[in-house]
Amino acid sequence: MSKTDNVDLIERYIYDVTRRLRPDMREDIGEELRTLIEDMAEEQSVEEILQELGEPAGLARKYRGDKDSLISGEYYDMYWLIMKIVLICAGAGLVVSQIISSVVQVFSDGYEALTHYREYLEAGLGFSIIVGALLEIFAIITIVFILLEKYKVKINQEGMAWSIEKLPEIPAEESIIKKTSMIVEIVFSVLFAVLYVAVPHLMGAWIMPAGENAGIRTIPIFNLVIWYQVLPLLLLTTALGILNSIVKLVQGCYNITVMIVTVVCNTVSFILSVIVFKGYSVWNPDFGPALEKVMQATIQSEGDWQVYWNTPMVSNVVLLILAAIFILDTGVIAYRTIKNR
């Protein structure tokens, strides 16, 4: 084996070890390993040294000082990072939504759905659903990381021997998934979940009618009568998005695992979206009349989009946009994965 091949092998091994460590440990451990291997190379071949050092995952666990637990090492750090992001965003979102709710007046003239929604809140169901949603997200994230940890343990238990041939290639710069991008995805997913659960009545048309002390009014676009029937499906779609972001965050670069998870999550999410928008009357049937009353204008022109509000066109347009987003996202991931390979 040439000197260039030896250097490449060493760097791949160091990369496979250090990528499993905390960012603040990687540089120092990498230099320590590089020096150790170079010293040992005076008496042994590089292949013999790497086989003696053993599986990168096992060596990384020793550097981290892992103890037996359901979630450990690199996964533990990533797990708590994501949990802190989720809890902070959920808490902040709930506080902000309640502040906005106290300022914005929901237009309720002739809107029976709002009375139905308020009955949920007065019965304490709103709070219980919020708590349940947070527990569901917490459980999903925890289960994902437990499975990631168990998957590695299962491989070792089955006695699949590690070999140098299994060392991953060092990914190209453009194939690396930026950590900040995935964190932003998780943040927005959690904020949307908070909106779905806590303040669906604030998602709509915001209007400031003329006149003194008129304040800000909002007309909900969703049918709040059946909202809590579709809410579990919406939260499941959000959870799939969070799952996809977690896998990208853990993998760190575009690969087959990321591509498969993206395809599955996007496909299931779109199927759930079809069920929500075609299987339920999710749109507020009183939106048009309420908008006319607040704006003191009659909607008659065929050019006004409100004319088509209670028709299947709205749901079809939304599904078309979602399909385009999912196809584009899947295509980009597939392209970058193939290019990386």
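The values are calculated or read from the model by the stated rules, or taken from the named source; none is laboratory data. These numbers were taken from a predicted model, which means no experiment stands behind them. Counting neighbours? That spans all protein chains shown, and the Cβs are built from the backbone with ideal geometry, glycine included. When the accessible area is computed, the model is the full protein with side chains, heavy atoms only, and any ligands, DNA or RNA have been set aside. Shrake-Rupley method; radii C 1.70, N 1.55, O 1.52, S 1.80 Å.
Only one of these conditions is not met by residue 223: (1) buried (at least 20 other Cβ atoms within 10 Å of the Cβ); (2) out of contact with any strand residue (DSSP E or B) (no Cβ under 9 Å at 6 or more places or on another chain); (3) not β-branched (Val, Ile, Thr). Which number is it?
Going through the list (1) buried (at least 20 other Cβ atoms within 10 Å of the Cβ); (2) out of contact with any strand residue (DSSP E or B) (no Cβ under 9 Å at 6 or more places or on another chain); (3) not β-branched (Val, Ile, Thr), residue 223 breaks only (2).
Name the single residue that is most open to solvent (accessible area, probe 1.4 Å) among those in region 226-252 being more than 18 Å from residue 82 (Cα to Cα) and either in contact (Cβ under 8 Å) with a residue 40 or more places away in the chain or acidic (Asp, Glu) (or both).
229
For region 225-252, name all the residues that are hydroxyl-bearing (Ser, Thr, Tyr) and either over 26 Å from residue 334 (Cα atoms) or in a strand (DSSP E or B) (or both).
Selection gives 228 alone.
Search region 313-326 for residues being hydrophobic (A, V, I, L, M, F, W, C) and free of Cβ contacts under 8 Å to residues at least 40 places away in the same chain, and hand back the single one that is farthest from residue 234 (Cα to Cα).
Among those residues, the one meeting the criterion is 313.
Hey, can you tell me all the residues within region 253-281 that are of a type in the set (A, V, I, L, M) and either within 23 Å of residue 83 (Cβ to Cβ) or not in a helix (DSSP H, G or I) (or both)?
258, 261
Would you point out the residue of region 269-308, among those that are open to solvent by 60 Å² or more (accessible area, probe 1.4 Å) and among the aliphatic types (A, V, I, L, M), that is modelled with the lowest pLDDT?
If we take residues in region 269-308 being open to solvent by 60 Å² or more (accessible area, probe 1.4 Å) and among the aliphatic types (A, V, I, L, M), then 307 is modelled with the lowest pLDDT.
Given the options 70, 53, 94, name the one that is more than 25 Å from residue 179 (Cβ to Cβ), among the aliphatic types (A, V, I, L, M) and modelled with pLDDT under 75. It would help to see each step written out before you state the result.
Details: 70 fails: more than 25 Å from residue 179 (Cβ to Cβ); 53 fails: modelled with pLDDT under 75.
Answer to the selection: 94.
Scan region 159-187 for residues that are modelled with pLDDT of 80 or more and surrounded by 14 or more Cβ atoms within 10 Å (Cβ to Cβ) and jot them down.
Answer for region 159-187, where residues must be modelled with pLDDT of 80 or more and surrounded by 14 or more Cβ atoms within 10 Å (Cβ to Cβ): 177, 182, 183, 185, 186, 187.
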